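Here the structure is laid out as structure tokens; the discussion comes afterwards.
The values are calculated or read from the model by the stated rules, or taken from the named source; none is laboratory data. Because the structure is a prediction, the values reported are computed rather than measured. Counting neighbours? That spans all protein chains shown, and the Cβs are built from the backbone with ideal geometry, glycine included.
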Amino acid sequence: MTVRNVYLYVLDTMADWEPGYVIAELNTGRYFADREQRRPVRTVAATADPVRTLGGVPITPDLIVDDLDPADAALLLLPGADTWAETKHKPVLDAVSAFLDAGVPVAAICGATGALASAGLLNDRPHTSNALQYLQFQEEYRGAAHYVDAPAVTDGDLITGAGTAPLEFAKEVLTKLDVFSPSTLDAWYQLHKTSAPQHFYALMQSIDRPA
């Protein structure tokens, strides 16, 4: 059995819905092509103190940033929040570079892309966000020439997404981690995108395995 953790960074005012699709699928592994793979989701924060999401849900983190180790990680996931500008989040932005250098994917959505821009991490690679103008408010951002007007973008091991596109963001992450078969991923995406029943049946058929 292969177990590698998905680290979800949690912070006050975290947008509950943005990581929802992807953490549910990675943590359960219910549609994985290889059921021997495990991608448990662990929460990590700047301190050990509980945080409260935008929806009012309290979360006590499993570990702090100082304990992060790319060696046992499958992914570092950064959700949007209204509090990314606080200086206490700088250590996790430093960790982004360490993860990317180690070949471990990092996925950032909505406000987290602004935080990456503020750290100069989007200046030289394709990326997206809520809008180009949003990133241009960040003093260290020089990456306008690399901005892609799309719901979600993957460049190597870095995935970025708009806050209005959590489904497309999740699809990019699942594609990168290669945990679904192509037919499962397509049916899963189409089901959530369209709600058409045929995609549910296609999803169930795609994971049908002999007893």
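If a residue has to be exposed (fewer than 14 other Cβ atoms within 10 Å of the Cβ) and not in a loop (DSSP other than H, G, I, E, B) to count, how many in region 57-68 make the cut? Give the derivation first.
Within region 57-68, the subset exposed (fewer than 14 other Cβ atoms within 10 Å of the Cβ) is 57-58, 60, 66-67.
Now narrow it down to the ones that are not in a loop (DSSP other than H, G, I, E, B): 58, 66-67.
The total comes to 3.
Being closer than 25 Å to residue 71 by Cβ, surrounded by fewer than 24 Cβ atoms within 10 Å (Cβ to Cβ) and in contact with an Asp or Glu (Cβ under 8 Å, 6 or more places away or on another chain) is the filter here; which residues of region 100-134 pass it?
Answer for region 100-134, where residues must be closer than 25 Å to residue 71 by Cβ, surrounded by fewer than 24 Cβ atoms within 10 Å (Cβ to Cβ) and in contact with an Asp or Glu (Cβ under 8 Å, 6 or more places away or on another chain): 100, 103, 104, 105, 119, 125.
Which of (1) buried (at least 21 other Cβ atoms within 10 Å of the Cβ); (2) of a type outside the set (Asp, Glu); (3) farther than 21 Å from residue 100 by Cβ does residue 143 not meet, given it meets every other one?
Failed condition: (3).
Starting from residues that are of a type in the set (Asp, Glu) and either touching a Lys or Arg at 6+ places or on another chain (Cβ under 6 Å) or touching a residue at least 40 places away in the same chain (Cβ under 8 Å) (or both), keep the ones in region 1-56 and report whichever is farthest from residue 199 (Cα to Cα).
12
Looking only at residues that are among the acidic types (Asp, Glu) and closer than 28 Å to residue 133 by Cβ in region 159-211, which one is surrounded by the most Cβ atoms within 10 Å (Cβ to Cβ)? Full working, then the answer.
Going residue by residue through region 159-211, those that are among the acidic types (Asp, Glu) are 168, 172, 178, 186, 208.
Restricting the remaining residues to those that are closer than 28 Å to residue 133 by Cβ gives 168, 172.
Details: 168: 20, 172: 23.
So the residue we want is 172.
Can you tell me which of (1) surrounded by 14 or more Cβ atoms within 10 Å (Cβ to Cβ); (2) not in a loop (DSSP other than H, G, I, E, B) is the one residue 71 doesn't meet?
Checking residue 71 against (1) surrounded by 14 or more Cβ atoms within 10 Å (Cβ to Cβ); (2) not in a loop (DSSP other than H, G, I, E, B), the one that fails is (1).
Which ones in region 19-56 are part of a loop (DSSP other than H, G, I, E, B) and either under 20 Å from residue 92 (Cβ atoms) or touching an Asp or Glu at 6+ places or on another chain (Cβ under 6 Å) (or both)?
The answer is 19, 39, 40, 46, 47, 48, 49, 50, 53, 54, 55.
Could you please tell me which pairs satisfy a Cβ distance under 8 Å, a separation of 6+ or placement on different chains, a first residue in region 145-159 that is modelled with pLDDT under 95, and a second residue that is of a type in the set (A, V, I, L, M, F, W, C) and not in a strand (DSSP E or B)?
none
Suppose the filter is polar (S, T, N, Q), more than 16 Å from residue 108 (Cα to Cα) and in a helix (DSSP H, G or I); does residue 184 pass it? If you could, list the steps in order and put the result at the bottom.
Values: polar (S, T, N, Q): yes; more than 16 Å from residue 108 (Cα to Cα): yes; in a helix (DSSP H, G or I): yes.
For residue 184, the condition - polar (S, T, N, Q), more than 16 Å from residue 108 (Cα to Cα) and in a helix (DSSP H, G or I) - is met.
Restricting attention to region 105-115, does a residue exist that is touching a Pro at 6+ places or on another chain (Cβ under 7 Å), assigned by TED's automatic domain parsing to the domain that holds residue 10, assigned to a helix (DSSP H, G or I) and aliphatic (A, V, I, L, M)?
yes
Return the residues of region 23-37 that are surrounded by 19 or more Cβ atoms within 10 Å (Cβ to Cβ) and among the hydroxyl-bearing types (Ser, Thr, Tyr); say none if nothing qualifies. Can you show your working first?
Step one: filter region 23-37 for residues surrounded by 19 or more Cβ atoms within 10 Å (Cβ to Cβ), giving 23, 25-26, 31-32.
Listed by number, the list holds a single entry, 31.
With touching a strand residue (DSSP E or B) at 6+ places or on another chain (Cβ under 7 Å) and assigned to a loop (DSSP other than H, G, I, E, B) as the only criterion, which of 179, 153, 173 stands out? Before you say what the answer is, go through the steps one by one.
Numbers: 153 fails: assigned to a loop (DSSP other than H, G, I, E, B); 173 fails: assigned to a loop (DSSP other than H, G, I, E, B).
When all the criteria are applied, what remains is 179.
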